[in-house]
1. Scan 182, 171, 143 and give me the residue that is under 28 Å from residue 210 (Cα atoms), touching a helix residue (DSSP H, G or I) at 6+ places or on another chain (Cβ under 9 Å), in the same structural domain as residue 209 (by TED's automatic domain parsing) and at pLDDT below 85.
2. Yes or no: region 570-582 includes at least one residue that is within 22 Å of residue 515 (Cβ to Cβ) and under 19 Å from the mean Cα position of the chain (by Cα).
3. If a residue has to be part of a loop (DSSP other than H, G, I, E, B), at pLDDT 90 or above and in contact with a helix residue (DSSP H, G or I) (Cβ under 7 Å, 6 or more places away or on another chain) to count, how many in region 544-576 make the cut?
4. Looking at the structure I just gave you, is residue 646 surrounded by 15 or more Cβ atoms within 10 Å (Cβ to Cβ) and out of contact with any strand residue (DSSP E or B) (no Cβ under 6 Å at 6 or more places or on another chain)?
5. Considering 274, 209, 204, which residue is modelled with pLDDT under 90 and either touching a helix residue (DSSP H, G or I) at 6+ places or on another chain (Cβ under 6 Å) or within 30 Å of residue 330 (Cβ to Cβ) (or both)?
6. Just checking, which of 192, 215 is over 28 Å from residue 43 (Cβ atoms) and crowded, with 18+ Cβ neighbours inside 10 Å?
7. In the list 438, 444, 387, 456, which residue meets the criterion of being at pLDDT below 90 and either out of contact with any helix residue (DSSP H, G or I) (no Cβ under 9 Å at 6 or more places or on another chain) or buried (at least 23 other Cβ atoms within 10 Å of the Cβ) (or both)?
């Protein structure tokens, strides 16, 4: 009877052991289906499929997909086992010896001093939802560890463990940690590097090698000693690993590539980004890295030569014209390593400066103007609801009659304002930019910007501005820029606007290709822009490039935007805190960076230029009146060769257009300018005689007009602190000027008011007739 009870008891114990050790674990479901591998999250790739950034549900950052067991180097496997579970390949998922050791140490110290969890148990824990630490939780993990061991090989378990192990600084998985800390693939890890990584999951925050390198090295030495004691390394390897210098990557450098670009994708196209899988973007990592390197080196040179502080920033956009693909986008000098580096300068609206002028001239060319059409670069004032507006050129000079080619190439302000006024005012340019070119930052009404819109008094985004120039580069064909590729490869269809704008996608704006070709011809004419930029400015490259600079008020924003048939490049240089630059214009601030990037883009590509349209014709014209020389002229006028579209040739001049000695006659409207110190055409031009029946103009002050608001503008020489005084209805030589609150100064035949903030009155007295007239105006500081 006793024997039967003993046998029954042993049988029951054996059955319970079989049930508990095999059957229960086999019946338990694992937290993850291991046959599908670890969920990757969203992986952003460049156009060639190279990983840029990985986002998991917990926003952890990883570089590559989970590694297979064969990819883990032996030194890393042994280092991990030495750190966490030396008997991993011999125990069945639960280590009895480790449990006994933990109990012994706990009783001796009267507190928990060591753990007994195996790698199998830890694997279950990191793949399971978070749970409160308790005895039932530990028992559950033990049963699941047995289940894992029964259903999968040791190699599969260890691979799953290493792929999901947290190494601190948001690096999940050994592959991410190797690239994040050392910039290396797994196979290239040394013994010292492998043991350093193996120690981090123990206490990732306290052992952070960027913040606590000594604590991380102390843990590394402990692991090396255990490997030596286990016979996995010899004394030579042990000693070499102890003295090896560990070279860490700069923090954040390898966490992700092109951070502003990826953030913009998430911001503007988040509705189409899946929860997991791969997202193929348009960015090219090689181009992106080249751009980032160029920004760093060119800003370093600019800071050195111009005594600029380290807060100097730059943003660059590179667009492939054929597809609209954004090949590179850098929003700052360094995302992590510079002041305000996480501000995206490619998307933050900034004052546009003169970069908007080409679009005014494009409208003009489509309305019948030609590159030889003459505009009047003379003083003018416009009365607006906010006061009088008097545009001035950058150097405060007025050049009289100028062709559109000369005005655009040299970025003259006054002709651009006059042309926009002739075309119908700011609404024409505002409509073009908002409805046809995709600018989303122009929230105001056209009247809010006024005629100054063509001079860039509006804020624009570098990405949208660069894409508008890409439209010029395609000779008038608009395409929304692209950040994502459809179907993982570059398609020729489905061009989707990343910012979801309506009324733009698929619409072709009313751009004439011949007019766009003329704009490219003007913006690439190095000789035409020599008056303002010289013959050897940064805009001159070894091949033809259409380029335009811009400088906003007080030198706060530097721009250079330009294109070839293949690429459009936009560059902004400035400060995110809006502190002015040190007298640096767009040509000298953004220009060198633009020059370098454009050269690099064409280093391994034969530069191209546009074929001349078949309908283009060439003809000589007089640049002072825009006319072709006619027959029967007594003297041959000085001409230039200009290009025209058919049916748009200017008329021929006649004898009345020239003086007897062959000088070009200018209309009486140029009379005030003709008598000023700005006139440098007396040897080439003559002022037309006034009509004897003409009604003389009334005696009044025309500069400044009554009600004018003048600004002290640091963007202008001497801060724009001088205002020209002019009169109509009398000869300037008879006028006496005076003011109770301002100095009046005569210099080289011209009279100026020296401006100060406040309300002022200026009085003009005609000594010949005794007449007096006054004008009140306000001076403000920008």
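1. Numbers: 182 fails: at pLDDT below 85; 143 fails: under 28 Å from residue 210 (Cα atoms).
Selected residue: 171, the only one of 182, 171, 143 that is under 28 Å from residue 210 (Cα atoms), touching a helix residue (DSSP H, G or I) at 6+ places or on another chain (Cβ under 9 Å), in the same structural domain as residue 209 (by TED's automatic domain parsing) and at pLDDT below 85.
2. Of all residues in region 570-582, those within 22 Å of residue 515 (Cβ to Cβ) come to 570.
Filter once more, keeping what is under 19 Å from the mean Cα position of the chain (by Cα): 570.
For region 570-582, residues within 22 Å of residue 515 (Cβ to Cβ) and under 19 Å from the mean Cα position of the chain (by Cα): present.
3. First pass over region 544-576, keeping only residues part of a loop (DSSP other than H, G, I, E, B): 544-545, 552, 556, 564-566, 575-576.
From the residues that got through so far, the ones that are at pLDDT 90 or above too are 544-545, 564-566.
In the following step, the residues that additionally are in contact with a helix residue (DSSP H, G or I) (Cβ under 7 Å, 6 or more places away or on another chain) were identified as 545, 565.
Result for region 544-576: 2.
4. Values: surrounded by 15 or more Cβ atoms within 10 Å (Cβ to Cβ): no; out of contact with any strand residue (DSSP E or B) (no Cβ under 6 Å at 6 or more places or on another chain): yes.
When the stated conditions are applied, residue 646 does not pass them.
5. Numbers: 209 fails: modelled with pLDDT under 90; 204 fails: either touching a helix residue (DSSP H, G or I) at 6+ places or on another chain (Cβ under 6 Å) or within 30 Å of residue 330 (Cβ to Cβ) (or both).
Testing whether each residue is modelled with pLDDT under 90 and either touching a helix residue (DSSP H, G or I) at 6+ places or on another chain (Cβ under 6 Å) or within 30 Å of residue 330 (Cβ to Cβ) (or both) leaves just 274.
6. Working: 215 fails: crowded, with 18+ Cβ neighbours inside 10 Å.
Answer to the selection: 192.
7. Values: 438 fails: at pLDDT below 90; 444 fails: either out of contact with any helix residue (DSSP H, G or I) (no Cβ under 9 Å at 6 or more places or on another chain) or buried (at least 23 other Cβ atoms within 10 Å of the Cβ) (or both); 456 fails: at pLDDT below 90.
Only one candidate passes the filter, namely 387.
Matching residues to (1) closer than 23 Å to residue 532 by Cα; (2) free of Cβ contacts under 8 Å to residues at least 24 places away in the same chain; (3) not in a loop (DSSP other than H, G, I, E, B):
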position: 578; (1), (2), (3): no, yes, no
position: 593; (1), (2), (3): yes, no, yes
position: 608; (1), (2), (3): no, no, no
position: 625; (1), (2), (3): yes, no, no
position: 641; (1), (2), (3): yes, yes, yes
position: 649; (1), (2), (3): no, no, no
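The values are calculated or read from the model by the stated rules, or taken from the named source; none is laboratory data. Please read these numbers as outputs of a predicted model, since none were measured by experiment. Glycine also receives a Cβ, built like all others from the backbone with ideal geometry; neighbour counts cover every protein chain displayed.
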